[in-house]
Amino acid sequence: MAAKRQADLPDLSSWIESRQSQGLYFFTREEAIKALQRSEAAFKQAAARLDRKRRIVRIHGGFFIIIPFEYAVTGMLPAEWFIDDLMSYIGQPFYVGLMSAAAFHGAAHQQPQQFHVVTNGPLRNIRSKNRLDIIFFSKSGIENVPLTRVKVQTGHIPVSTPEATSLDLIRYARRIGGLDRVLTVLQELGEAMEPEKLEEAVKSDGKLACAQRLGFLLERAGFPDLTRNLSKWVTEKNPFPARLEPSIQNKGYEKNERWKLIVNVDVEGDL
């Protein structure tokens, strides 16, 4: 009788078909084993077969994504389709940031090959043979970062606002290709930014040196009107001179008085 009941249950392939028909493109090992009432060993065998057929991909731990027919050639889904479910599975808050956020806001001149996610603790980057790179950036106080909800295929995901994105680009400049690349992105991202929202984002961030660098680069990018409130705020704070490029010494370089910034590197954008 027990054998008959097990035979009446769907197999893994049928089960994921059912999930996909409901608009779900992920599952976890635990929920699959529970739903199918199979052993761990039986699940592993079934999952291995579907992986070879490029029907599923294990992303992290026991978290799998389901590959629909239209993505069979690449064998991978866009990360924005499943990032919300993945981070819920991992159990850490997050938002889509940096180059990925900039692309959502229209700054797609340099379309990122990686998917950038900011969270509140260190996580190992996810790199897959199926051309997926999810790069994690650890940052404290992410609950204070101004966010917007962006609609994607599977729902909505949190994305840093253009103003908050610009600050993260400055903060993590060395990890994303340096200040030249940051300036190139700002040349497009500035079109989506507002002076008042920029001031609010800077105050929420609280990193004065980042604000000094950002103000200088936004003017270089051709958006002096964006910086009027930011410049007043920096002047009121009367900060010590910061280095435009923190890794380079400050001796022998000119100082920009408006931003209290040691301009110790030439920065050039591509646009």
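General observations
- Scanning the range 51-76 for residues that are surrounded by 14 or more Cβ atoms within 10 Å (Cβ to Cβ), assigned to a helix (DSSP H, G or I) and of a type outside the set (D, E, K, R) yields a count of 1.
- Inclusion of A79 among residues that are surrounded by 15 or more Cβ atoms within 10 Å (Cβ to Cβ), under 30 Å from V145 (Cα atoms) and either small (G, A, S) or touching a Pro at 6+ places or on another chain (Cβ under 9 Å) (or both) is warranted.
- Residue identified as more than 26 Å from R29 (Cα to Cα), free of Cβ contacts under 8 Å to residues at least 60 places away in the same chain and either in a loop (DSSP other than H, G, I, E, B) or not polar (S, T, N, Q) (or both) among S140, S100: S140
- Elements of type helices (runs of 4 or more DSSP H) contained in the range 158-271, each with 3 or more residues being modelled with pLDDT of 95 or more: 162-171, 179-189, 195-205, 208-220
- Flag if E257 is among the acidic types (D, E) and out of contact with any Leu (no Cβ under 8 Å at 6 or more places or on another chain): yes
- Scanning the range 19-50 for residues being in a helix (DSSP H, G or I), over 22 Å from M87 (Cα atoms) and not small (G, A, S) gives a total of 7.
- Residue in the range 150-160 that is touching a helix residue (DSSP H, G or I) at 6+ places or on another chain (Cβ under 8 Å) and basic (K, R) present: no
- A single entry from R175, R181, R131, R171 fulfils the requirement of being more than 15 Å from the chain's Cα centre (by Cα) and within 21 Å of A211 (Cα to Cα): R181.
The values are calculated or read from the model by the stated rules, or taken from the named source; none is laboratory data. These numbers were taken from a predicted model, which means no experiment stands behind them. No Cβ is skipped: glycine too gets one built from the backbone with ideal geometry, and neighbour counts run over all protein chains shown.
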